[in-house]
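Everything on this sheet refers to the single structure shown next.
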Amino acid sequence: MKKYFFFLLLLFIQFVNSQELALVKKNAKIGYLSKDGSFKIEPQYKSAKSFSEGLAAVENNGKWGFIDSKGTWVIPADFKDAKNFNSGIAIVQKDKDWVYINTKGEIQKALVSDKVFDFNDGVAFFRQNAKVGLINPKMTIVLDPKYDQIKPFENGFARVELNKKWGIITTAGKEVVEPVYDEIGNYFKNTTWARKDKTFGIVSAGNFIPVEGAEKIWDFETQDLTYAKKNGKIGFIDLKGNWAILPIYDKARAFSKNLAPVCVGSKWGYINTKAEFIIPPTYSDAEVFSSNGLAPVKEKNWGFINETGKLIIPTQYGITSNGLIIALFVQQDKGFIDGIARVKNEGKWGFLKPDGTVLGNQWFENAELFSKTTEKNNTGEIAAEKPKAETKAATKPVTKKKK
């Protein structure tokens, strides 16, 4: 019997830890919405940020601190500014200086660095003498400063620049692709795309394989095909650098659910991996399918279709990924994320469920994506979300100010 109750307790803890909250603005005040459409924390804040690792930065009388998912102050509002937690560490502005704190609000003694960088994927950059290295949440060195630039980590890998050449490293600082390329993509199934001089190709097992005629290659995402340009047209290549689908399209986006949006002339439709049109090109724009099997399509406004092309949600909305604050983690730009789609209608923002109904039947002045309130391991690596297809800019540093 005791084991049974212990099992129920574990299930309850798992349920509580898995809840997600969305920051929303109503009547000029910010609160936090649950996925059942009710307010977990009623709108009451003038300024606030989304939850990250169980805590949300909130302003109180001009100062910033952190609350938990019950709205209880965990870290007092003593800071001039605050950023989100990642890997158990957040950057806050104390007086004139930007410093690191842990989830207890304790200031962490960091290494000397020209800039203060956000943690991401269990590590943070630090810069000395114009070179960049890595530290972990314990503020110890993972990688001595040696690179000219490191891009944000994606699924445990990051692009690095050294002497104007690019490669890829792990969060442990190990090079998996030597920095010898003029341009490089993300790391997917031990493979990446790269450019050497004017030649685009695939890098696999340390070997550079030119892709015949390629003028540009986009990042691999969830499937073993990515889109590439040849003679001004878009097609798809596989992980070996072969043209799996000939470049005959004017525009394209990534495969998901074995379907990819492609544009012919000015109209978008969807092809399968055999280059057969499953959904004819009739839309003015189209995005990739979400994991729930719905994809955003645009006529005058946006709606959602299923994998057979049936319009499930009418084309009457605006869609986007970010609200008041740029999302902490990289996520799918448009469409359903974890079963909810953020949409705009008549100047208000709300959340759609897959059946087209509005969550809580409520619309807001602004709204953020849902984020988990679960607290994560302070010292372990945090897995990044799905990367975007394009190479992104480096995480914006915060300049330290001297007292």
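For the reader, a short list of remarks on this structure follows.
- Tally of residues being buried (at least 18 other Cβ atoms within 10 Å of the Cβ), at pLDDT below 95 and in contact with a Leu (Cβ under 8 Å, 6 or more places away or on another chain) across segment 313-330: 1
- For segment 75-107, the set of residues classified as among the acidic types (Asp, Glu), out of contact with any Phe, Trp or Tyr (no Cβ under 7 Å at 6 or more places or on another chain) and assigned to a strand (DSSP E or B) consists of 78, 97, listed by residue number.
- The lone criterion from (1) free of Cβ contacts under 8 Å to residues at least 24 places away in the same chain; (2) under 30 Å from residue 205 (Cα atoms); (3) polar (S, T, N, Q) left unmet by residue 282 is number (2).
- Criterion (in a loop (DSSP other than H, G, I, E, B) and of a type in the set (Val, Ile, Thr)) met by exactly one of 142, 160, 112, 132: 112
- Filter pass, residue 50 being touching a Leu at 6+ places or on another chain (Cβ under 9 Å), of a type in the set (Gly, Ala, Ser), under 24 Å from residue 367 (Cα atoms) and in a strand (DSSP E or B): yes
The rows are residues; the columns are (1) hydrophobic (A, V, I, L, M, F, W, C); (2) within 16 Å of residue 278 (Cα to Cα); (3) modelled with pLDDT of 95 or more.
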position: 234; (1), (2), (3): yes, no, yes
position: 237; (1), (2), (3): yes, no, yes
position: 241; (1), (2), (3): no, no, yes
position: 244; (1), (2), (3): yes, no, yes
position: 247; (1), (2), (3): no, no, yes
position: 262; (1), (2), (3): yes, yes, yes
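- Residue 52 vs. criteria polar (S, T, N, Q) and farther than 11 Å from residue 371 by Cα: no
Residue-wise test of (1) without any contact (Cβ under 8 Å) to a residue 60 or more places away in the chain; (2) over 22 Å from residue 364 (Cα atoms).
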| residue | (1), (2) |
| --- | --- |
| 26 | no, no |
| 39 | yes, no |
| 44 | yes, no |
| 63 | yes, yes |
| 82 | yes, yes |
| 86 | no, yes |
| 96 | no, yes |
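- Count of segment 132-148 residues which are touching an Asp or Glu at 6+ places or on another chain (Cβ under 7 Å) and over 22 Å from residue 90 (Cα atoms): 2
- Filter result (surrounded by fewer than 19 Cβ atoms within 10 Å (Cβ to Cβ), among the aliphatic types (A, V, I, L, M) and in contact with a Lys or Arg (Cβ under 8 Å, 6 or more places away or on another chain)) within segment 240-279: 248
- Within segment 167-199, the residues that satisfy the criterion of being of a type in the set (Phe, Trp, Tyr) and within 22 Å of the chain's Cα centre (by Cα) are 187, 188, 193.
- Per the listing 52, 113, 34, the residue uniquely small (Gly, Ala, Ser), modelled with pLDDT of 95 or more, under 24 Å from residue 151 (Cα atoms) and in contact with a strand residue (DSSP E or B) (Cβ under 9 Å, 6 or more places away or on another chain) is 52.
- Tally of residues being surrounded by fewer than 23 Cβ atoms within 10 Å (Cβ to Cβ) and hydrophobic (A, V, I, L, M, F, W, C) across segment 24-49: 2
- In segment 291-308, residue farthest from residue 270 (Cα to Cα) [restricted to those that are surrounded by 17 or more Cβ atoms within 10 Å (Cβ to Cβ) and among the small types (Gly, Ala, Ser)]: 303
- Screening residue 174 with (1) in contact (Cβ under 8 Å) with a residue 12 or more places away in the chain; (2) surrounded by fewer than 16 Cβ atoms within 10 Å (Cβ to Cβ); (3) of a type outside the set (Gly, Ala, Ser); (4) more than 18 Å from residue 244 (Cα to Cα) gives one miss only, at (1).
- Scanning segment 50-62 for residues that are small (Gly, Ala, Ser) and surrounded by 15 or more Cβ atoms within 10 Å (Cβ to Cβ) returns 50, 52, 54, 56, 57.
The values are calculated or read from the model by the stated rules, or taken from the named source; none is laboratory data. Computed from a prediction, not measured in an experiment: that's the story for all the values here. When we count neighbours, we look across all protein chains shown, and the Cβ atoms used for this are built from the backbone with ideal geometry, even at glycine.
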